[in-house]
Amino acid sequence: MADLWQQFTQRKASAPVQFIKYAISGGAATAVNIIVFYLLSLLVIPALNEQDIVVRVAHLSVGALSDAIRARNAMINNGLAFIFSNLTAYLLNILWVFESGRRYPPVDFALSKLGIIQHETLRARIHRTAEVALFYAVSGVAFVIGTILLGVLINNLRFTTTAAFGVQVVVAVLINYVLRKFVIFKG
């Protein structure tokens with residue numbers, strides 16, 4: 001039991017515990033995403049309609065929007081929420097779930113051609129920058145797929161904003177876990 005607790009309190013963990021930690025971190029990032037998305041959708045860039053479960057349960061008043069406007073606004077709000085939730089995800093991933101520091105051969109190749117590969121501090125910073133760029137690129141892939149799906153579900157299939165948002169969150173989580181585990185971080 002002490003070993004299990006230790007796996008939760010430090011970065012190194014067995015695969016099942018690591019996945020649980022990833023799920024917890026992802027839950028926190030998803031919570032940030034949901035909070036930002038709905039605050040924007042309710043207060044800044046309207047994206048909800050009267051049929052939406054959040055509107056009905058909270059007894060909110062929203063203006064009428066066409067499906068096309070609602071889809072566009074939901075996609076904008078999703079983009080803004082992505083920025084905040086992705087920062088949350090990156091910080092939790094490097095601090096608790098995965099080990100940072102995977103080496104990227106193309107980066108080392110470029111550094112050797114520039115004659116600066118022997119400068120370890122600079123090399124580490126460049127690798128960290130590459131890691132962050134890859135993290136956002138991977139998240140960007142999941143974001144683009146999810147956002148297109150969000151727009152299609154609302155505009156073409158007439159899903160409520162909340163149902164479409166839920167589907168895109170699940171799709172993004174699955175894509176992100178696989179790519180982060182096997183492309184960005186060291187196991």
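Can we say Gly27 is surrounded by fewer than 17 Cβ atoms within 10 Å (Cβ to Cβ), free of Cβ contacts under 8 Å to residues at least 24 places away in the same chain and outside any helix (DSSP H, G or I)? No; evaluated as a whole, the condition is false for this residue.
So, Leu40, is that one surrounded by 14 or more Cβ atoms within 10 Å (Cβ to Cβ), under 21 Å from Tyr136 (Cβ atoms) and out of contact with any Leu (no Cβ under 8 Å at 6 or more places or on another chain) or not? Steps first, please.
Details: surrounded by 14 or more Cβ atoms within 10 Å (Cβ to Cβ): yes; under 21 Å from Tyr136 (Cβ atoms): yes; out of contact with any Leu (no Cβ under 8 Å at 6 or more places or on another chain): no.
No: the conditions fail for Leu40.
Val54 falls short on exactly one of the conditions (1) over 14 Å from Thr160 (Cα atoms); (2) surrounded by 12 or more Cβ atoms within 10 Å (Cβ to Cβ), and that condition is (1). Residues of the range 139-185 being over 18 Å from Val36 (Cα atoms), touching a Phe, Trp or Tyr at 6+ places or on another chain (Cβ under 7 Å) and either loosely packed, with under 14 Cβ neighbours inside 10 Å or of a type in the set (A, V, I, L, M, F, W, C) (or both), which ones? Matches in the range 139-185: Leu153, Ile184, Phe185. You will find that of Lys21, Lys113, the residue that is surrounded by fewer than 14 Cβ atoms within 10 Å (Cβ to Cβ) and within 29 Å of Thr129 (Cβ to Cβ) is Lys113 and no other.
Given the criteria free of Cβ contacts under 8 Å to residues at least 24 places away in the same chain and in contact with a Lys or Arg (Cβ under 7 Å, 6 or more places away or on another chain), does Leu111 qualify?
Yes.
Can you find even one residue in the range 170-187 that is among the aliphatic types (A, V, I, L, M), at pLDDT 90 or above and on the phi < 0 side of the Ramachandran plot? Yes, some residue in the range 170-187 is among the aliphatic types (A, V, I, L, M), at pLDDT 90 or above and on the phi < 0 side of the Ramachandran plot.
The values are calculated or read from the model by the stated rules, or taken from the named source; none is laboratory data. Not measured: the values here are computed from a predicted model. So basically every Cβ, Gly included, is an ideal-geometry build from the backbone, and we count neighbours across all protein chains shown.
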